[in-house]
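Novice: What follows is a structure written as structure tokens; I'll ask about it next.
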There are 2 protein chains.
Amino acid sequence: MPRNRQLNPSLTVPKSPLPPLLYTDTLISPDMLYFGRVEVHDPFIAFGMGGRKYTVVSALEFGRVKRTSDFDVVLPREKWLEAARARYGAKAGPAEIIACLAKEYRVRRFRVSDDFPAALFLKLRDLGVKLALANGLLFPEREIKTDREAGCVREGNRLCTVGYVVAEKILRAARIKGRSLLWQGKPLTSERLRFAIEVAIKEQGGNSGDAIVAGGDQACDPHERGTGPLHPHELIIIDIFPRVVKTGYFGDMTRTYLKGTASDAQKKLCATVRAAQLAAIRKVRAGVDGKDVHGAVVATFTKAGYKTTHGKNGSRGFIHGTGHGLGLAVHDPGRLGPVSAVMKLGAILTVEPGLYYPGLGGCRWEDVVQVTAGRAKMLSRHPYDWEIR
Amino acid sequence: MPRNRQLNPSLTVPKSPLPPLLYTDTLISPDMLYFGRVEVHDPFIAFGMGGRKYTVVSALEFGRVKRTSDFDVVLPREKWLEAARARYGAKAGPAEIIACLAKEYRVRRFRVSDDFPAALFLKLRDLGVKLALANGLLFPEREIKTDREAGCVREGNRLCTVGYVVAEKILRAARIKGRSLLWQGKPLTSERLRFAIEVAIKEQGGNSGDAIVAGGDQACDPHERGTGPLHPHELIIIDIFPRVVKTGYFGDMTRTYLKGTASDAQKKLCATVRAAQLAAIRKVRAGVDGKDVHGAVVATFTKAGYKTTHGKNGSRGFIHGTGHGLGLAVHDPGRLGPVSAVMKLGAILTVEPGLYYPGLGGCRWEDVVQVTAGRAKMLSRHPYDWEIR
């Protein structure tokens with residue numbers, strides 16, 4: 001799934017020695033999931049100190065967190081809330097609990113993420129708890145993936161291919177009738193194709209909540225999910241980014257199909273996108289600037305005569321970045337775009353050039369690589385015939 | 001799905017006249033989805049002024065947001081980034097763009113949510129943009145649901161019942177063989193039952209990513225998803241909270257089943273939980289303190305002899321709150337728990353008492369109500385026989 005071109009410019013932040021402090025839930029925060037390795041759907045406190053991980057959870061979560069998480073010390077929220085009330089009065093909440101913890105564990109200063117809740121940040125300062133913003137990533141090491149993590153992402157991408165196998169089967173089975181595609185006697189819609197893909201992925205242990213299955217001009221809005229009947233002889237973008245239920249890691253791949261007969265313009269579009277992807281992947285290497293990877297895509301498109309324009313009612317051409325980090329979030333730390341960002345050894349990135357021209361259609365081709373000292377290691381694989389007769 | 005007992009104590013905040021400012025994405029923030037009514041998965045800027053809603057999005061989102069969102073004015077991020085760079089230098093980002101917008105639109109002061117990103121908060125202050133924390137909800141009106149919203153939640157709950165119909169069919173068809181449950185020749189597991197439920201919901205337009213299907217002692221951890229074989233004569237909690245894909249609203253219901261023959265203790269447990277739920281629903285009324293609803297549950301349990309205890313390795317008894325708001329988030333504003341919180345006219349709340357005793361099992365019964373000036377309006381309905389022979 002493509003990411004915006006411009007986001008926070010800097011990702012390269014020196015690792016801070018200050019103990020981290022988090023107050024969020026794992027629905028919102030991949031950092032929290034990375035830190036504690038357990039899903040908790042209400043905000044809770046976690047911090048690190050002396051190489052150990054601490055958390056404070058309610059009775060509702062206590063047993064499960066103690067049994068299944070990476071936390072070394074699990075503290076009961078009820079007890080600490082009582083302590084905070086004794087010290088700060090009946091209105092004590094998370095800030096006061098953290099102040100008590102800082103005192104008990106003699107932490108002089110925490111580091112917090114840039115998206116730490118502002119109200120809590122100010123309240124903690126008022127309570128005398130010193131905080132330093134990460135000014136980048138809270139856990140810079142999250143960008144560098146271990147072999148185990150690469151395996152998890154690979155499994156996510158395997159789930160994507162499960163989806164493509166189903167999609168191709170349906171597109172092959174579909175019948176062309178004039179401007180319509182019929183499957184099992186009814187019009188083949190984005191919804192029906194998405195349903196078949198997502199059920200197949202669910203059966204194999206993944207969750208794909210909103211895969212993109214968009215044909216024709218719909219696909220020219222890269223984040224449009226796709227709706228209604230699919231048509232023959234039109235490009236259909238299928239972008240799948242399922243989460244592996246067991247581990248929480250994502251896969252992310254895109255393939256572009258066409259049922260019927262492709263025009264020369266469609267053929268050239270798809271061939272150019274693929275050529276751009278291969279040119280980009282060849283540039284991926286630890287220490288190289290991601291800007292150069294993006295540049296390889298832009299150069300390929302420019303050479304082939306494809307222009308990018310921004311008009312009043314939208315843009316056409318190559319209108320997103322080349323890639324983004326992938327891990328416990330679909331848009332994980334790391335990026336390949338026009339802004340400088342050196343690729344780190346072990347980082348996992350999508351490489352997904354695309355071209356979008358209303359009238360002609362859209363094409364995107366997305367695979368996942370891990371950055372090494374040499375050639376990029378491919379973590380996804382699905383060779384295919386995009387033109388299905 | 002039950003919520004922790006203790007969260008932010010105060011929800012009743014006077015509506016602020018200051019224009020709201022948001023910088024987040026709709027994966028994280030129901031506020032943003034509520035404000036703009038469009039899904040955007042990367043952080044973006046939105047603000048309100050003079051009754052109009054403004055947003056700044058990249059070329060990647062521009063067309064789709066313009067076409068499908070509630071925003072009155074959609075501004076191109078690229079242009080505003082350029083303006084910010086001209087004024088603040090090459091490193092300009094979201095903060096500088098907001099500063100430019102504040103100047104252009106002559107906003108002297110924004111209100112922001114308590115979980116506004118701390119780094120951006122401080123940076124904006126440095127840039128001279130005045131911010132006031134909401135000190136409660138950014139949009140207090142989000143707690144009050146319109147009829148349209150109630151319809152959306154009702155649809156979510158209809159999807160839950162689709163799940164229960166499938167679950168009951170499977171439990172009826174399952175065969176008891178000693179300590180095992182067999183379905184279609186193989187052991188019936190939490191995973192297989194969850195898969196069948198979630199596929200049925202997906203087919204009807206919902207996404208249920210992680211329904212709880214937990215039997216025996218597993219169910220005594222109310223947030224445990226459930227894994228492995230289900231057994232006869234054990235209580236099985238099925239908690240489903242699907243999102244309606246079309247609208248983004250959630251349903252949330254829980255039923256407890258048993259395949260085989262229930263013991264007297266299990267029967268008493270389930271009857272007491274249901275009695276507690278009915279007692280709680282009778283208390284629901286605009287202007288009444290949610291604490292009293294929770295109190296009705298506690299009183300019912302106490303009277304029936306069920307004790308709540310907190311031990312070193314977890315808790316037993318009634319170990320979570322009675323209910324929570326439901327809407328664009330599973331845990332939406334509004335709560336029924338031990339802390340005072342007056343119920344507002346139009347609020348939508350779950351009512352979900354539960355009892356959990358390892359050895360005996362867990363039981364939870366969850367329905368959804370809308371608060372009126374009179375009797376609570378039921379937004380969920382699924383009468384059933386929990387004991388399946």
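Novice: Being facing chain A (nearest Cβ under 9 Å) and either at pLDDT below 95 or more than 22 Å from residue A:310 (Cα to Cα) (or both) is the filter here, so list the residues in segment B:46-64 that pass it.
Specialist: If the condition is that a residue be facing chain A (nearest Cβ under 9 Å) and either at pLDDT below 95 or more than 22 Å from residue A:310 (Cα to Cα) (or both), then B:58, B:59, B:60, B:61, B:62, B:63, B:64 are the ones that fit.
Novice: When you scan segment A:296-303, do you find a residue that is polar (S, T, N, Q) and within 14 Å of chain B (Cβ to nearest Cβ), even just one?
Specialist: So far as segment A:296-303 goes, no, none of its residues is polar (S, T, N, Q) and within 14 Å of chain B (Cβ to nearest Cβ).
Novice: Among the candidates A:219, A:214, single out the residue that is over 19 Å from residue B:201 (Cα atoms), within 12 Å of chain B (Cβ to nearest Cβ), in contact with a helix residue (DSSP H, G or I) (Cβ under 8 Å, 6 or more places away or on another chain) and aliphatic (A, V, I, L, M).
Specialist: On inspection, the qualifying residue turns out to be A:214.
Novice: Identify the single condition in (1) modelled with pLDDT of 95 or more; (2) assigned to a loop (DSSP other than H, G, I, E, B); (3) within 23 Å of residue B:193 (Cβ to Cβ) that residue B:285 does not satisfy, given that it satisfies every other one.
Specialist: The number of the failed condition is (3).
Novice: Within the bounds of segment A:280-288, is there any residue that is out of contact with any Phe, Trp or Tyr (no Cβ under 9 Å at 6 or more places or on another chain), closer than 25 Å to residue A:224 by Cβ, assigned by TED's automatic domain parsing to the domain that holds residue A:156 and surrounded by 19 or more Cβ atoms within 10 Å (Cβ to Cβ)?
Specialist: Scanning segment A:280-288 turns up at least one residue that is out of contact with any Phe, Trp or Tyr (no Cβ under 9 Å at 6 or more places or on another chain), closer than 25 Å to residue A:224 by Cβ, assigned by TED's automatic domain parsing to the domain that holds residue A:156 and surrounded by 19 or more Cβ atoms within 10 Å (Cβ to Cβ).
Novice: Restricting attention to segment B:3-25, which residues are modelled with pLDDT of 75 or more and over 18 Å from residue B:120 (Cα atoms)?
Specialist: Within segment B:3-25, B:17, B:18 qualify.
Novice: Still on this model: Please go through segment A:312-347 and give me each residue that is over 13 Å from the mean Cα position of the chain (by Cα), within 13 Å of another protein chain (Cβ to nearest Cβ) and of a type outside the set (A, V, I, L, M, F, W, C), ordered by number.
Specialist: Within segment A:312-347, A:312, A:313, A:314, A:315, A:316, A:317, A:320, A:321, A:322, A:337, A:338, A:340 qualify.
Novice: Give the number of residues within segment B:124-178 that are within 30 Å of residue B:199 (Cβ to Cβ) and of a type in the set (A, V, I, L, M).
Specialist: Count: 12.
Novice: Of A:76, A:117, which residue is in contact (Cβ under 8 Å) with a residue 60 or more places away in the chain and within 12 Å of chain B (Cβ to nearest Cβ)?
Specialist: Just one listed residue meets the conditions, A:117.
Novice: Say whether the condition of being buried (at least 19 other Cβ atoms within 10 Å of the Cβ), under 19 Å from residue B:210 (Cβ atoms) and more than 11 Å from every other protein chain (Cβ to nearest Cβ) is met by at least one residue in segment A:83-105.
Specialist: no
Yes/no per residue for (1) of a type in the set (S, T, N, Q); (2) within 30 Å of residue B:57 (Cβ to Cβ); (3) surrounded by fewer than 18 Cβ atoms within 10 Å (Cβ to Cβ):
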position	(1), (2), (3)
A:147	no, no, yes
A:175	no, no, yes
A:200	no, no, no
A:214	no, yes, no
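Novice: Could you check segment B:291-328 and list, in sequence order, the residues that are in contact with a helix residue (DSSP H, G or I) (Cβ under 9 Å, 6 or more places away or on another chain) and closer than 29 Å to residue B:248 by Cβ?
Specialist: Within segment B:291-328, B:293, B:294, B:320, B:321, B:322, B:323, B:325, B:326, B:327, B:328 meet the criteria.
Novice: Right, here's the next one. I need a count of the residues in segment A:150-188 that are of a type in the set (Ser, Thr, Tyr) and within 27 Å of residue A:370 (Cα to Cα).
Specialist: Going through segment A:150-188 one residue at a time, the tally reaches 2.
The values are calculated or read from the model by the stated rules, or taken from the named source; none is laboratory data. Here the structure is a predicted model, which means the values were calculated and not measured. Note: ideal-geometry Cβ built from the backbone for every residue, glycine included; neighbour counts use all protein chains shown.
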